[in-house]
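Novice: Could you have a look at this structure, given as structure tokens, before my questions?
The values are calculated or read from the model by the stated rules, or taken from the named source; none is laboratory data. All figures in this text were calculated on a predicted structure; none of them were measured in a lab. Ideal geometry is used to build each Cβ from the backbone, glycine not excepted, and the neighbour counts take in all protein chains shown. When the accessible area is computed, the model is the full protein with side chains, heavy atoms only, and any ligands, DNA or RNA have been set aside. Shrake-Rupley method; radii C 1.70, N 1.55, O 1.52, S 1.80 Å.
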Amino acid sequence: MSQTIIVLGGDGFCGWPTSLYFSQAGYEVVIVDNLSRRKIDIELECASLTPIQPLGRRLSAWKEVSGKAITFVNLDVAVQYHKLLTLIRQYKPLAVVHFAEQRAAPYSMKSSFHKRYTVSNNINATHNILAAIAESGEDVHLVHLGTMGVYGYGTSGLAIPEGYLNVKIETGEGNMKDLEILYPANPGSVYHMTKTQDALMFYYYNKNDAIRVTDLHQGIVWGTNTEQTMLDERLINRFDYDGDYGTVLNRFLMQAAVGHPLTVHGTGGQTRAFIHIRDTVKCIRLAVEHPPARGDRVQIFNQATETYQVRDLATLVATLTGAEVRYYINPRKEDAENTLRVRNDKFLELGLEPLTLEDGLLEEVYTIARKYGERCDPDKIICTSRWSDLIPEDLQGAAVPPTD
Ligand code: NAD
Ligand code: USQ
């Protein structure tokens, strides 16, 4: 059986450490990436807090350190369909891991250009890979990085199930029928909307072409290093901190490191699901090694290990570092407060032993942020992308702190 894994988006924050993890484990890894994320850094006039190396240098460093080669193919998955098809026919991979999408919600909301780019890139990328697997006739397992955000962030009351929801519907004359449906989609940004569309494409191609698909509904990834990226400075992973691409916990740790107030949006009552990057890579390997059988429906795992309220995270980071917590007008349209419980039994059953915020890794991220703090451009910290024109443009001012 083929031991090749094609990693679409393998130069990115999750894709790079995943590629190294599979390579270390003895798989043949082929990275496909069009380097669009690096080009977006140029557009935003911002760069990773950590000094990530050009991909060629990363790969030669990995060869030097591990003795293992990773192949790189520069290809736009959303556009270069025939090259993608040829690649699948050539390698007949065991699995394709699909990270190759525009993944920042604020970036997707900056302007009509950014909305249209995100839709066109993400939906075409996902459709191209599905169509290519179908046309190739190869039995390839597609593992996709989706998001917890497909479920929405209202307070539903129930622990979010893994993809499917059991419902009862009235069929008339008082008769009830049990149904299992995809959990209703409730996206909170154009980016999240593309992930809900991906889910329908998986449903269709699975039904029509029996493509084996695992969709990983992942929470917010925090941390930066994995065992492999720590082996050599040249292998260092990306650390996004800016208002578009930086995610909340890494941002708070970086802000504390450079002496900026922690930027809590609104009341900080938003509850979100989290996972450390070291658990991300483990989960993806577990998913690759536990594919659904051919003919099985789309397999959905919730890839999250903890839930936290944003203001509690700010308090935690402030306690650890002495940073000031500041409340900003929320640039997003989202519930001011929500509760969230998430089922993650499937990964636990497969043996995942989750890392938690108590495992000392906050300190590790803070140390990295302090080490590279001078690379931070303070002008890029505040989120300027607004969800609606109704939200005031001047977000610099502090808003009223929450009341209990
Ligand atoms: P990233 O932007 O760092 O990496 C994505 C990579 O894909 C980049 O290297 C980019 O150049 C590449 N890419 C994008 N479009 C492409 C295309 N058309 N053709 C070829 N390459 C393309 O993002 P990330 O944080 O690594 O996220 C990866 C995936 O995981 C995304 O799909 C995202 O939705 C999902 N995810 C991320 C997080 C998180 O907190 N980072 C959380 C949940 C889910
Ligand atoms: N937030 C702040 N202050 C900040 C930044 C964010 O209070 O400085 C708040 C936001 O308003 C939001 C929450 O923190 O309520 C999370 O924001 P985020 O930017 O950390 O995460 P999000 O936009 O949801 O997106 C990230 C990834 C995305 C992934 C998603 C998983 O960028 O790719 O899909 O997390 S999830 O949130 O579970 O849908």
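Novice: Among Met193, Met254, Met230, which one shows the highest mean-square fluctuation when the chain is modelled as a Gaussian network with alpha-carbon springs under 10 Å?
Specialist: Met230
Novice: Another question, then. With all protein chains present, how much of the accessible area of the chain (probe radius 1.4 Å) comes from carbon and sulfur, to the nearest whole percent?
Specialist: 50 percent
Novice: Which order do peptides 216-223, 305-312, 320-327 fall in by mean Cβ count within 10 Å, highest first?
Specialist: The most tightly packed comes first, giving 216-223, 305-312, 320-327.
Novice: Also, I was wondering about something else. Once Rh is set to the Kirkwood radius over Cα pairs, what Stokes-Einstein translational diffusion coefficient, in µm²/s, holds for the stretch 1-63 at a temperature of 37 °C and a viscosity of 0.692 mPa s?
Specialist: Reported coefficient: 261 µm²/s.
Novice: Give me the Å³ per residue figure for the convex hull around the C-alpha atoms of the stretch 53-118.
Specialist: 132 Å³
Novice: Name the most mobile residue of Gly266, Gly188, Gly67, meaning the one with the largest mean-square fluctuation, in a Gaussian network model of the chain with Cα contacts below 10 Å.
Specialist: Greatest mean-square fluctuation among the candidates belongs to Gly67.
Novice: If eta is 1.567 mPa s and T is 4 °C, what Stokes-Einstein diffusion coefficient results for the chain, Kirkwood Rh from Cα pairs, in µm²/s?
Specialist: 59 µm²/s
Novice: Suppose each label sits 7 Å from its Cα in the direction of the beta carbon; what would the Arg375-Asp389 distance come out to in nanometres?
Specialist: If labels sit at Arg375 and Asp389, their model points lie 3.9 nm apart.
Novice: Looking at the stretch 175-219, what % of the alpha carbon pairs are farther apart than 14 Å?
Specialist: Result for the distance tail: 60 percent.
Novice: Right, something else. Report Rg (one decimal) and Dmax (nearest whole number) for the stretch 11-161, counting Cα atoms only, units Å.
Specialist: Calculated on Cα positions, Rg and Dmax stand at 17.0, 51 Å.
Novice: Which distance in Å, rounded to a whole number, links the C-alpha centroids of the stretch 273-315 and the stretch 330-383?
Specialist: 14 Å
Novice: Turning to a different aspect of this structure: Taking square-rooted eigenvalues a ≥ b ≥ c of the alpha carbon gyration tensor, is the stretch 117-206 rounded, prolate or oblate, where a/c under 1.5 means rounded and, failing that, a/b exceeding b/c means prolate?
Specialist: Since a/c reaches 1.5 but b/c is at least a/b, the shape of the stretch 117-206 is classed as oblate.
Novice: Just the number: Rg to Rh for the stretch 289-335, Cα atoms, Kirkwood Rh, two decimals.
Specialist: Dividing the radius of gyration by the Kirkwood radius yields 1.27.
Novice: Can I ask one more? So what is log10(I(q)/I(0)) for the stretch 314-357 at q = 0.15, 0.19 1/Å, when the Debye sum runs over its Cα atoms only?
Specialist: Debye intensities relative to I(0), on a log10 scale: -0.75, -0.90.
Novice: What list of ³J(HN,Hα) couplings, whole Hz, do you get for the stretch 100-111 from phi and the Karplus terms 6.51, -1.76, 1.60, once you set θ to phi - 60° and write x for glycine and proline?
Specialist: 7, 9, 7, 10, 9, 4, x, 4, 5, 10, 5, 6
Novice: Would you calculate a helix-derived [θ] at 222 nm for the chain, using -39,500 (n - 2.57) for each DSSP H run of n ≥ 4 and dividing by the full residue count, to the nearest 500?
Specialist: The helix-only estimate for the chain comes to -11000 deg cm²/dmol at 222 nm.
Novice: What is the pair-distance distribution P(r) of the stretch 126-269, computed from all Cα-Cα distances in 5 Å bins starting at 0, with each bin given as a whole percent?
Specialist: 2, 7, 12, 14, 15, 15, 14, 10, 6, 3, 2, 1, 0, 0
Novice: If r is the Cβ-Cβ distance from Gln90 to Val65 and R0 is 30 Å, what FRET efficiency results, to the nearest 0.05?
Specialist: Efficiency, from the Cβ-Cβ distance: 0.65.
Novice: Rounded to a whole number, what is D in µm²/s for the stretch 246-404 from Stokes-Einstein with the Kirkwood radius over alpha-carbon pairs (4 °C, 1.567 mPa s)?
Specialist: Value of D from the Cα-based Kirkwood radius: 74 µm²/s.
Novice: Where the Cα atoms of the stretch 186-323 are projected onto their three principal axes, how long is each span, largest first, in whole Å?
Specialist: 55, 39, 22
Novice: If you average the C-alpha positions of the stretch 178-235 and of the stretch 1-47 separately, how far apart do those two centres end up, in angstrom?
Specialist: Using only Cα atoms, the two centres lie 16 Å from each other.
Novice: So, one more: Could you report the chain's accessible area per residue, 1.4 Å probe, as an integer in Å²?
Specialist: 42 Å²
Novice: Around Gln303, which amide H atoms from residues at least 5 apart in sequence, or from another chain, sit under 5 Å from its own amide H, with H modelled in the peptide plane?
Specialist: His217, Gln218, Gly219
Novice: In terms of the Cα gyration tensor, with a ≥ b ≥ c the square roots of its eigenvalues, is the stretch 18-99 rounded because a/c is under 1.5, prolate because a/b exceeds b/c, or oblate?
Specialist: It is oblate, given that a/c is not under 1.5 and a/b is not larger than b/c.
Novice: Evaluate the Kirkwood expression for the hydrodynamic radius of the stretch 229-279, namely the inverse of the mean inverse distance over all pairs of different C-alpha atoms, and round to one decimal in Å.
Specialist: Kirkwood hydrodynamic radius for the stretch 229-279: 12.8 Å.
Novice: Related question: Considering only protein heavy atoms, with the full assembly of protein chains and a 1.4 angstrom probe, order Lys68, Lys333 by accessible area, largest first.
Specialist: Ranking Lys68, Lys333 by accessible area, largest first, yields Lys333, Lys68.
Novice: Same structure, new question: Give, in whole angstrom and from largest to smallest, the semi-axes √(5λ) of the equivalent ellipsoid of the stretch 326-394, with λ running over the eigenvalues of the Cα gyration tensor.
Specialist: They are 31, 24, 10 Å, listed from largest to smallest.
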